[in-house]
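Colleague: The structure follows.
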Amino acid sequence: MTVELATQYLGLELEHPLVASASPLSKTLDGVRRLEDGGASAVVLFSLFEEQLRHESAALNHLTQVGTESFGEALSYFPAVEEYRVGPDAYLELVRRAREAVAVPVIASLNGVTPSGWTEYARSMEEAGASALELNIFHIPSDPAETGRDVERRYEEVVRKVRGVTSIPVAVKLPPYFSSPGEMAHRIAQAGGDGLVLFNRFYQPDFDLEALEVRPDLELSTAVEIRLPLLWIALLRERLGETALAASTGVEGGREAAKYILAGADVVMTTSALLRHGPEHLRTIRRELAEWMAGRGYSSVSEMRGVLRREGAPNPGAFERANYIRALESYRNPFTER
Ligand SMILES: Cc1cc2nc3c(=O)[nH]c(=O)nc-3n(C[C@H](O)[C@H](O)[C@H](O)COP(=O)(O)O)c2cc1C
């Protein structure tokens with residue numbers, strides 16, 4: 001049985017739903033080519049960060065105001081520019097060249113948290129040829145005086161700013177940590193987000209017990225981590241109407257991809273699995289997805305999409321609190337039996 005994997009995301013026609021999410025694998029033209037060769041239906045470039053853009057404009061100001069005392073102080077606030085391997089100009093050049101070099105859509109990525117001038121770069125990314133833009137808003141509200149509503153408004157304003165300067169589709173990559181992720185998703189859509197990428201993985205530093213230091217660290221994901229995005233995609237799919245949904249986190253193989261599509265995802269993104277096994281692992285995920293679909297008698301992605309969203313699932317109660325209690329009550333292992 002042949003299965004039809006073609007899908008749409010942000011108005012883009014894709015050969016199948018497996019997209020390479022933002023990662024160091026898309027930092028070079030060669031890397032983007034390898035992701036296409038490996039089987040990605042679209043490639044999200046690694047992010048250009050607000051801090052880089054602000055650093056650049058601070059440096060420009062310096063050229064016009066040499067001797068300004070505050071300059072040194074201002075720069076010390078930003079990470080050293082050498083920490084970024086690619087500056088804004090090189091990023092735009094990468095977008096341009098990638099657009100020419102590969103047939104799959106290239107999605108540029110902007111990463112920032114303040115609704116200020118850096119958002120203008122969205123227009124430059126469009127002009128450089130990006131098919132769409134992914135906006136990763138990743139704010140750690142470390143000031144306890146900042147209210148939940150303040151945080152939500154910040155997200156909305158960043159989306160509005162970006163929406164205001166570009167006409168290509170904009171997907172917003174969100175963390176899951178809102179009091180009401182569903183309402184937040186709606187507000188982002190109302191602010192002009194054409195799609196949501198659920199979720200970005202929150203940065204969580206570790207402690208080094210030998211050096212007694214805080215260690216910035218990044219662990220790759222595993223398949224068990226799909227459950228949080230899976231829950232929210234299933235809960236939101238029907239209610240978000242036309243807003244596109246991309247699943248991000250924990251896609252190790254075809255089974256996770258199948259689950260996300262059953263929840264209602266338009267596309268399924270992966271990074272950790274590709275960093276572990278190489279870009280060609282995309283083909284394995286694709287084959288496993290197609291085999292699973294054929295085994296279940298699904299002939300197309302659109303036929304299976306959303307079958308287990310809340311409104312379609314045979315047991316919608318499984319998404320609710322009653323089932324949480326049941327899950328806790330039914331847990332058994334040898335220690336609980338004593
Ligand atoms: C080393 C590394 C670098 C990443 N860089 C970016 C980035 O520049 N921008 C971004 O939006 N996400 C970035 N991510 C997050 C991934 O795009 C993805 O959302 C996350 O890893 C969860 O997906 P996964 O479980 O398939 O890895 C990065 C992840 C890793 C592991």
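Colleague: Between a residue in the range 12-34 that is within 19 Å of Leu48 (Cα to Cα) and any residue that is part of a loop (DSSP other than H, G, I, E, B) and near the ligand (Cβ under 9 Å from one of its atoms), which pairs come within a Cβ distance under 6 Å, given they are 6 or more apart or on different chains?
Modeller: Cβ pairs passing all conditions: Ser21/Thr271; Ser23/Thr271.
Colleague: Can you pull out the residues in the range 295-315 that are loosely packed, with under 13 Cβ neighbours inside 10 Å and among the polar types (S, T, N, Q)?
Modeller: Asn315
Colleague: Please work out if Gly11 is over 22 Å from Gly112 (Cβ atoms), at pLDDT 75 or above, out of contact with any helix residue (DSSP H, G or I) (no Cβ under 8 Å at 6 or more places or on another chain) and away from the ligand (no atom under 13 Å from the Cβ). Full working, then the answer.
Modeller: On the way: over 22 Å from Gly112 (Cβ atoms): yes; at pLDDT 75 or above: yes; out of contact with any helix residue (DSSP H, G or I) (no Cβ under 8 Å at 6 or more places or on another chain): yes; away from the ligand (no atom under 13 Å from the Cβ): yes.
Here the answer is yes, as Gly11 does meet what is asked.
Table: residues versus (1) of a type in the set (D, E, K, R); (2) more than 13 Å from the ligand (Cβ to nearest atom); (3) in contact with a Lys or Arg (Cβ under 7 Å, 6 or more places away or on another chain); (4) in a strand (DSSP E or B).
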site: Glu157; (1), (2), (3), (4): yes, yes, no, no
site: Val162; (1), (2), (3), (4): no, yes, no, no
site: Ile168; (1), (2), (3), (4): no, yes, no, no
site: Arg187; (1), (2), (3), (4): yes, yes, no, no
site: Ala211; (1), (2), (3), (4): no, yes, no, no
site: Asp217; (1), (2), (3), (4): yes, no, no, no
site: Leu220; (1), (2), (3), (4): no, no, yes, no
site: Trp232; (1), (2), (3), (4): no, yes, no, no
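Colleague: When only residues in the range 189-209 that are under 18 Å from Pro229 (Cβ atoms) and part of a loop (DSSP other than H, G, I, E, B) count, which is farthest from the ligand (Cβ to nearest atom)? Break it down into steps so the answer makes sense when it comes.
Modeller: As a first pass, look at the range 189-209 and keep what is under 18 Å from Pro229 (Cβ atoms): 189, 193, 195-204.
Among the residues that remain, those that are also part of a loop (DSSP other than H, G, I, E, B) are: 193, 199-204.
Values: Gly193: 15, Phe199: 8, Asn200: 5, Arg201: 5, Phe202: 10, Tyr203: 10, Gln204: 13 Å.
It comes out as Gly193.
Colleague: Can you name the condition, by its number, that Gly253 falls short on among (1) within 24 Å of Glu311 (Cα to Cα); (2) surrounded by fewer than 21 Cβ atoms within 10 Å (Cβ to Cβ)?
Modeller: Among (1) within 24 Å of Glu311 (Cα to Cα); (2) surrounded by fewer than 21 Cβ atoms within 10 Å (Cβ to Cβ), Gly253 violates only (1).
Colleague: Additional query: So how many residues does the range 158-203 have that are among the acidic types (Asp, Glu) and either surrounded by fewer than 16 Cβ atoms within 10 Å (Cβ to Cβ) or in contact with a Ser or Thr (Cβ under 6 Å, 6 or more places away or on another chain) (or both)? Show your work before the answer.
Modeller: Taking the range 158-203 and keeping what is among the acidic types (Asp, Glu), we get 183, 194.
Pick out the ones that are also either surrounded by fewer than 16 Cβ atoms within 10 Å (Cβ to Cβ) or in contact with a Ser or Thr (Cβ under 6 Å, 6 or more places away or on another chain) (or both) and you get 183.
Total meeting the criteria: 1.
Colleague: Scan the range 152-166 and report the pairs whose first residue is under 12 Å from Gly117 (Cα atoms) and whose second residue is assigned to a helix (DSSP H, G or I) and not aromatic (Phe, Trp, Tyr), with Cβ atoms within less than 7 Å and a gap of 6+ or a chain change.
Modeller: Pairs found: Val158/Thr119; Lys161/Thr119; Val162/Thr119; Val162/Ala122; Val165/Thr119; Val165/Glu120; Val165/Ala122; Val165/Arg123.
Colleague: Identify the residue in the range 14-35 that is surrounded by 19 or more Cβ atoms within 10 Å (Cβ to Cβ) and more than 19 Å from Ser248 (Cα to Cα) and, among all such residues, is farthest from the ligand (Cβ to nearest atom).
Modeller: Taking the range 14-35 first, the residues surrounded by 19 or more Cβ atoms within 10 Å (Cβ to Cβ) are 14, 16-23, 25-26, 31-32, 34-35.
From the residues that got through so far, the ones that are more than 19 Å from Ser248 (Cα to Cα) too are 31, 34.
Working: Gly31: 12, Arg34: 16 Å.
Selected residue: Arg34.
Colleague: Follow-up. Is the range 258-268 home to any residue that is among the acidic types (Asp, Glu) and buried (at least 18 other Cβ atoms within 10 Å of the Cβ)?
Modeller: Taking the range 258-268 as the starting set, the residues that turn out to be among the acidic types (Asp, Glu) are 266.
Among the residues that remain, those that are also buried (at least 18 other Cβ atoms within 10 Å of the Cβ) are: 266.
Yes, the range 258-268 contains at least one residue that is among the acidic types (Asp, Glu) and buried (at least 18 other Cβ atoms within 10 Å of the Cβ).
Colleague: Give just the number: which of (1) touching a residue at least 60 places away in the same chain (Cβ under 8 Å); (2) more than 20 Å from the chain's Cα centre (by Cα) does Ala132 not satisfy?
Modeller: Unmet condition: (2).
Colleague: A follow-up question, please. Collect the residues in the range 290-319 that are under 20 Å from Glu4 (Cβ atoms), part of a helix (DSSP H, G or I) and of a type outside the set (Asp, Glu), keeping them in residue-number order.
Modeller: Ala290, Trp292, Met293, Ala294, Gly295, Arg296, Val301, Ser302, Met304, listed by residue number.
Colleague: Further, regarding this structure: Please go through the range 260-274 and pick out each residue that is part of a loop (DSSP other than H, G, I, E, B) and within 14 Å of the ligand (Cβ to nearest atom).
Modeller: Of all residues in the range 260-274, those part of a loop (DSSP other than H, G, I, E, B) come to 264-266, 271.
Correct list: Ala265, Thr271.
Yes/no per residue for (1) away from the ligand (no atom under 16 Å from the Cβ); (2) on the phi < 0 side of the Ramachandran plot; (3) in contact with a helix residue (DSSP H, G or I) (Cβ under 9 Å, 6 or more places away or on another chain); (4) in a helix (DSSP H, G or I):
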site: Pro229; (1), (2), (3), (4): no, yes, yes, yes
site: Ala247; (1), (2), (3), (4): no, yes, yes, no
site: Val251; (1), (2), (3), (4): no, yes, yes, no
site: Arg255; (1), (2), (3), (4): no, yes, yes, yes
site: Arg276; (1), (2), (3), (4): no, yes, no, yes
site: Glu288; (1), (2), (3), (4): no, yes, yes, yes
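Colleague: Mind listing just one residue for me: the one in the range 1-11 that is under 20 Å from the mean Cα position of the chain (by Cα) and outside any strand (DSSP E or B) and, of those, nearest to Leu48 (Cα to Cα)? Explain how you work it out, then say what you get.
Modeller: To start, the set of residues in the range 1-11 that are under 20 Å from the mean Cα position of the chain (by Cα) comprises 7-11.
Remaining after also requiring outside any strand (DSSP E or B): 10-11.
Values: Leu10: 20, Gly11: 23 Å.
Ranking the candidates gives Leu10 first.
Colleague: Determine which member of the set Leu328, Leu231 is out of contact with any Leu (no Cβ under 9 Å at 6 or more places or on another chain) and under 24 Å from Gly193 (Cβ atoms).
Modeller: Numbers: Leu328 fails: under 24 Å from Gly193 (Cβ atoms).
It is Leu231.
The values are calculated or read from the model by the stated rules, or taken from the named source; none is laboratory data. No experiment lies behind these values; they were computed from the predicted model shown. With ideal geometry, Cβ positions are generated from the backbone for all residues, glycine too; neighbour counts draw on all protein chains shown.
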